[in-house]
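*Asks:* Please see the structure below; I have some questions.
What follows draws every value from the coordinates through simple rules; no lab data is involved. Note that the coordinates shown come from a computational prediction; the quantities given were computed from them, not determined experimentally.
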Amino acid sequence: MAYRKKDIPSDVDPAAPWRDVPQHRPVTYRVTQYPAGTHIPGHKHQRHQLVYAISGLMVVRSEVGRWVVPSTRAIWMPAGMVHAVDCIAAVHMRSLYIEPSFAPQLPAEPFAVQVAPLLRELLQAATLIKGEHIEDSRDGRVVRLLLDELHRMDVLPLHLPAPTDPRLQRICQHLQKHPGDDATLLDWSQALEVDAKTIQRHFAGELGMTFGQWRQQARLLAALERLAVGDKVIDVALAMGYDSPSAFTSMFKRQLGLTPAAFFR
């Protein structure tokens, strides 16, 4: 079944998972589970956060765009950035919270990442730490190695940047609602009564990609949401505007390095 906004039940208090996390530790951990359709309203943390989806799929939104985060991937969210989360499929997550002053060199921008095997095992080991992090101890070395691995995270192309220009907003909002729409740049130029070169220049300057690249990214993320809840590749391909499953699979593999089947394995 395709995800629909009306399926979302009552909002979750975004502060609830944080209340029982020890505040005196520079690095803390939390394991939580949310049913499909859960919405966590916009909120921010005083600490950096790495949210690892052990299973399920999350859509994370902030003022700079949105990310689709499937199982076995994670999102890095820097301290102070307001973000909201929708759980498209039931999500089992591990959250890592880091005091910024404890690791000042960590990234200040949000992004989705591939969780390498070593990082995955370190996150698992970190959840078992109960006491203080004594530097010269096994727990202290786990924390230090974990921080080292955070500097080596592989960024995934799972981000869709959000425009501020009202004309681009109109285009982008429409394409997110109707990812299969094949209207050309010229079509939009005529609809908005704006020169096509002007639209393209704003896409490049504000979003760092062309109109075609942005639409392809919007289709990729919309496809991930549908595939995560079990929709068939052929149905998703046609809904995204592709002529065949093979054309869609080719785009998917080119962008993410894996076929849809392998990506969700």
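*Asks:* Relative contact order for the chain using alpha-carbon pairs under 8 Å, separation at least 6, rounded to a whole percent?
*Replies:* 18
*Asks:* Largest first, please: the extent of the C-alpha atoms of the range 138-259 along each principal axis, to the nearest Å.
*Replies:* Principal-axis extents of the Cα atoms in the range 138-259, largest first: 64, 34, 21 Å.
*Asks:* At 15 Å minimum axial length over the Cα atoms and a Kyte-Doolittle cut of 1.6, report the qualifying DSSP H helices in the chain, or say none.
*Replies:* Passing helices, by number: none.
*Asks:* I would also like to ask the following. Would you list the P(r) distribution for the range 63-172, with all Cα-Cα distances sorted into 5 Å bins from 0 and each bin expressed as a whole %?
*Replies:* 2, 10, 18, 21, 19, 13, 7, 5, 2, 2, 1, 0
*Asks:* Here is a follow-up. What Kirkwood hydrodynamic radius, in Å, does the range 186-246 give when the mean of 1/r is taken over all pairs of distinct Cα atoms and then inverted? Please report the intermediate quantities before stating the final value.
*Replies:* On the way: mean 1/r = 0.0762 Å⁻¹.
Across the range 186-246, the inverse of the average 1/r is 13.1 Å.
*Asks:* How much of the calculated P(r) for the range 36-119 lies past 20 Å, in percent of all Cα pairs?
*Replies:* Of the Cα pairs, 28 percent sit more than 20 Å apart.
*Asks:* Could you give log10 I(q)/I(0) at q = 0.08, 0.11, 0.15 Å⁻¹ for the chain, computed by the Debye formula over C-alpha point scatterers of equal weight, without solvent?
*Replies:* -0.36, -0.66, -1.13
*Asks:* Given H placed 1.01 Å from N in the peptide plane, which residues other than close sequence neighbours of ARG47 have an amide H under 5 Å from its amide H?
*Replies:* GLY80
*Asks:* Follow-up question, since we're still on this one. Lysine pairs in the chain 8 or more apart or on different chains: how many have alpha carbons under 26 angstrom apart?
*Replies:* Lysine pairs meeting the criterion: 11.
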